[in-house]
Amino acid sequence: KYPVGGIIVFAWNIKDEAQLAQFMPQLKALNGHPLMCIDEEGGRVARIANNPNFDVKKYESMAAIGATGDPANSYECGNYIGTYLKGYGFDIDFAPVADVNTNPENIVIGPRAFSDNPAEAAPMVTNYLQGLKDANIVGCIKHFPGHGDVKADTHYGYAQTWKTWAEMLDCEIITFRAGIKWSCPLIMTAHI
């Protein structure tokens, strides 16, 4: 009766390849032919790669990729992840993290971000997006306007940033502008 626009699949929805292969067509058959979404950033947030029942490459973190200084490594990561996501029937990956990890006390972003330097993070973000796109997966930059400078984990409580808009323009917004200029079609907002 009410068409479903999209469904996000979490780790607790995924048992193994056989179960996922059966589950995805059932979800896609719902009224509305929903877009199938997942958080598969690589590193700590990887619903498939962190499941021991899947034989896919695991990435240490986006910070480790950013530390290489080579955006081609970010492209490879996004393309590899995008390729297996497409194979499992996904349409959208809620990745990459475009946050700049500027607060060492941040417990939720940390190594999920490519860097604490926006000029280094921006090309990593756009190359990851290109890797996903070349695998026919839509990417999503997050967590606008920037979750990298807060202390709290907003999954469990309230977080705030005290930065002014001018300060954010000189840091956090640089990576989001890069993603927007690249033509990223989706931006996830932060609940900060």
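No value in this document is a laboratory result; all are computed from the given coordinates. Computed from a prediction, not measured in an experiment: that's the story for all the values here. Because the Cβ atoms are built from the backbone with ideal geometry, glycine has one as well, and the counts that use them run over all protein chains shown.
For Trp162, what charge total do you get from the other residues with a beta carbon under 12 Å from its beta carbon, if Lys and Arg give +1 and Asp and Glu give -1?
Result for the neighbourhood of Trp162: 0.
Expressed as a fraction of 2.2 N^0.38 Å, the rule-of-thumb size for a compact globular protein of N residues, what is the C-alpha radius of gyration of the range 110-184?
Numbers: Rg = 13.1 Å, N = 75, 2.2 N^0.38 = 11.3 Å.
Computed over Cα atoms of the range 110-184, the ratio equals 1.15.
Name the most mobile residue of Asp91, Asp116, Asp153, meaning the one with the largest mean-square fluctuation, in a Gaussian network model of the chain with Cα contacts below 10 Å.
The residue that fluctuates most here is Asp153.
Lys and Arg at +1, Asp and Glu at -1: add these up for the other residues within a Cβ distance under 13 Å of Gly78 and post the number. Before the final figure, lay out the partial values.
Details: positive: Lys57, Lys86, Lys133; negative: Glu40, Glu41, Glu76, Asp93, Asp134.
Result for the neighbourhood of Gly78: -2.
For a quick check of your reading of the filter: which chymotrypsin sites (Phe, Trp or Tyr not before Pro) in the range 88-165 sit in a DSSP loop and have no more than 14 other Cβ atoms within 10 Å?
Sparse-neighbourhood loop chymotrypsin sites (Phe, Trp or Tyr not before Pro): Tyr156, Tyr158, Trp162.
So, counting K/R as plus one and D/E as minus one, what does the shell of residues with Cβ under 11 Å around Ile137 add up to? Please list the in-between numbers first.
Details: positive: Lys86, Lys133; negative: Glu40, Asp91, Asp93, Asp134.
Local net charge: -2.
At a Förster radius of 25 Å, what calculated FRET efficiency corresponds to the Cβ-Cβ distance of Gln22 and Glu60, to the nearest 0.05?
Numbers: r = 31 Å, r/R0 = 1.25.
Step by step, r from the Cβ atoms, then E = 0.20.
Which FRET efficiency, nearest 0.05, do Thr154 and Asn117 yield, Cβ-Cβ r, R0 25 Å? Each step should come with its number before you reach the end.
On the way: r = 23 Å, r/R0 = 0.94.
Step by step, r from the Cβ atoms, then E = 0.60.
Mind checking which of Leu27, Pro52, Gly110 is farthest towards the positive end of the range 16-129's charge dipole, using Cβ charges of +1 (Lys, Arg) and -1 (Asp, Glu) about the Cα centre?
Leu27
Cα convex hull of the chain: how many Å³ per residue?
Values: hull volume 23.5 nm³, N = 192.
Value for the chain: 122 Å³ per residue.
With runs of 4+ DSSP H residues as the only contributors, calculate the mean residue ellipticity of the chain at 222 nm using -39,500 (n - 2.57) per run, divided by the residue total and rounded to the nearest 500.
Working: 6 runs with 69 residues, N = 192.
The helix contribution divided over the chain gives -11000 deg cm²/dmol.
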